[in-house]
1. What are the semi-axes of the equivalent ellipsoid of region 95-139, taken as the square roots of 5 times the eigenvalues of the Cα gyration tensor, listed largest first and rounded to whole Å?
2. Taking the Cα centre as origin and putting +1 on Lys and Arg beta-carbons and -1 on Asp and Glu beta-carbons, what dipole magnitude results for the chain, to the nearest 20 debye?
3. Full-extension gain between ASN212 and LYS45, please, as 0.36 nm times their residue separation minus the C-alpha to C-alpha distance.
4. Compute the distance in nm between two label points, each set 7 Å from the Cα along the Cα-to-Cβ direction, one at SER116 and one at ASP168.
5. List the extent of the Cα atoms of region 17-109 along each of their three principal axes, largest first, rounded to whole Å.
6. Which value, in nm² and rounded to one decimal, describes the direction-averaged projected area of the C-alpha convex hull of region 119-232?
7. So for the pair ASP142, ILE81, with labels modelled 7 Å out along Cα→Cβ, what separation do we get in nm?
8. In angstroms, what radius of gyration and Dmax does region 144-203 have, counting Cα atoms only?
Amino acid sequence: MKKILFILSLLSLAVYAQIPNTKQLLVVSTSNWETSSGVLQRYEKSDKKWKKVGKSIKIKLGRNGLGWGRGLHKIPKNAKIIKKEGDGKAPAGIFSLKQGFGYAPFDIDYPYEVYSTQNHCVDDVNSKLYNKIVDSKKVKIDYKSKETMKFPKNYYKYGIVVNHNNIDEKGAKAGAGSCIFIHIKETATAGCTVMKEAQMKALMRWLNPQSNPLLIQGTVAVVNSLLKKVIY
């Protein structure tokens, strides 16, 4: 019996070996898979203990709820709801956070990019640039649909790129969902997680690149299960 438990332990480590040693967590939980409303709580590890940071805040996410995304976790074999392009669902799972972004310089410790109207996030599943943020003046445009990273509304005035489906990297799976961000908005989205501007700015100021912050997102039951793979 001990041998079996030992082997299972090794298998578990193999599956989650890619999850970095983190000291900051953004935990987004919802009551069910269909809702577009949830709660975000920040956590930080200090002196080998995890503690809540600030009060939880109400957030909005995909207008059609959640679907398992492609991140640092393993999608359960019995998963019934998988995130797809254009499904209006936010990705559930464990995700690293890439750069912050916005319309103007912002003095924070976390990596940050200023985007303009010529920066596009490609959501055309037939494009070689699918799920990449590009400078449209510097690439050969083969896409017919995209998200402009700066537009009259302030939704992307401040945001964070969520590493769902290998955004800006090799290995993005066509049709598995693209252009997932945390950003400013107060209503349901096509798949991003959103909040008020003041909350977004506070979150970005808090992020520490040395802490390898992660996003854990899902229903309460899913979040509790995923946390066991990260909190130690």
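Since every read-out is calculated from the coordinates, none of them should be taken as a lab result. Since we're looking at a predicted model, the values are computed, not measured. As a convention, Cβ positions derive from the backbone with ideal geometry for all residues, glycine included, and neighbour counts pool all protein chains shown.
1. Value: 22, 14, 7 Å, ordered largest first.
2. My answer is approximately 620 debye.
3. Details: separation 167, 0.36 × 167 = 60.12 nm, distance 1.12 nm.
Full extension of this stretch gives 59.0 nm more.
4. With each label point 7 Å from Cα toward Cβ, the separation is 1.8 nm.
5. Principal axes ranked by extent give 39, 35, 25 Å for the Cα atoms.
6. 8.9
7. 3.4
8. 12.3, 35
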